[in-house]
Amino acid sequence: MHWKILPRDWRILFGLLVTLFWFVFLGVYIQANVGWSRFMDLPIAEMGNFLEGAFAFLAFLWLVIGLFIQQSVLAENNEELRRSNLNSEKQTQAIAATELNARQETFFKIAESTRRQLGAVVGMLFISSQGPVGNSNYNNEQLQEIWREFAYGDYEVWSRMFITLLANDSETTAEELYFGTEIRRSHTDNFIAGFERLLDLARECDTDNLIVDSLVVSAHGLLASRMREMHPDYEFKAFDRTDSQIYLQRYMAESNDSAKEE
C-alpha cells in the first residue's frame, strides 16, 4: 500500500529526496554557524538574502525537473497522437476496403443480369443471321437447344457461336453478320453499348483491372471488340491494358484448328 503513494516518475522522487536533504543541510548549517535564536533575530533584509540564496538551488532544481517531465509528457502525447493517426489510417483503409467490397458485390449482381441481357441480344442477332429468317444454317430445334444452354446459365454461348462462326465460315463476313440489316445493326449497337456500360461499372470498383481484364477476354468481350472494330460509324479504341484483338485472333485460330481436326 505504501508503494502506491510514492510518485511513479523517478525524477520527482529524486527531487523530493534532494529537497529533503537540502532542508536538513540548511537546518544543520543554521544550527552550527548562526544558531536558531540568533537566526530568528536577524533583520528582515538579511534573512531575506539568506533565504533567497538558500532556496535558489531548489528553484533551479525543480525547474530542471519540470522541464524534463514536460518533455516526457510531450513525447508521450506525440506517441499517443502517432498511434491515434495510425488507428485512424487503419480505420480509413478498412472503411475504404469495405466500401470497395460493397461496390464489387453490387457490380457482380449487376454484371450477372447484364451478361444475361447481352447474351439475349446476341442470341437474337444470331437468329437474325443464321436462323430460318436468315440463311437457315440452323433450324428451330438447334436454336432451341442453344437457348436451353443459355437458360441453364451459359450466357455467353451465343457469343462463342459468333466467334467460331467466323472462324469456320470463310464465305460469311463480319459486316454481313453484324450490320447486314437494320435489325442486326440495332442488335449490334445495343450489345456494344451494353458491354461498354458494364466495363465502366467494372472500372469504378476494380483497383488493379483484374475484373476489367476478365471481361475483355470473355466471349462477350471478344465479340464486342470485333463489333467495334467492324462498326462503320464507330472509332475503334482498344480496351484498357489488354489487347483484346490478340485474344480474339488466338481464339479464332484455335477454333479453326479444332474444326480442321474434326
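Coordinate-derived values only; no laboratory data. This structure is a prediction, so every number in the text was calculated from the model and none was measured. Here the Cβ positions follow ideal geometry from the backbone for every residue, glycine too, while neighbour counts run over all protein chains shown.
Size descriptors for the stretch 95-217 (Cα atoms only): Rg and Dmax, in that order, 16.6, 56 Å.
Summed over all non-identical Cα pairs, the Kirkwood treatment of the stretch 2-89 gives a radius of 16.3 Å. Each residue of the stretch 186-194 is assigned a 3J(HN,Hα), and the resulting list reads 5, 4, 5, 4, 5, 5, 4, 5, x Hz, derived from the Karplus form 6.51 cos²θ - 1.76 cosθ + 1.60 (θ = phi - 60°), x at Gly and Pro. Karplus-derived 3J(HN,Hα) values for the stretch 106-111, using 6.51 cos²θ - 1.76 cosθ + 1.60 with θ = phi - 60°, are 5, 4, 5, 5, 5, 4 Hz; glycine and proline are entered as x. Scalar couplings 3J(HN,Hα) for the stretch 45-57, obtained by applying the Karplus form with A = 6.51, B = -1.76, C = 1.60 to θ = phi - 60°, are 5, 5, 5, x, 4, 5, 5, 4, x, 5, 8, 4, 4 Hz; x denotes Gly and Pro.
The packing ranking of peptides 15-24, 192-201, highest mean first, is 192-201, 15-24, where packing means the average number of other beta carbon atoms within 10 angstrom of each residue.
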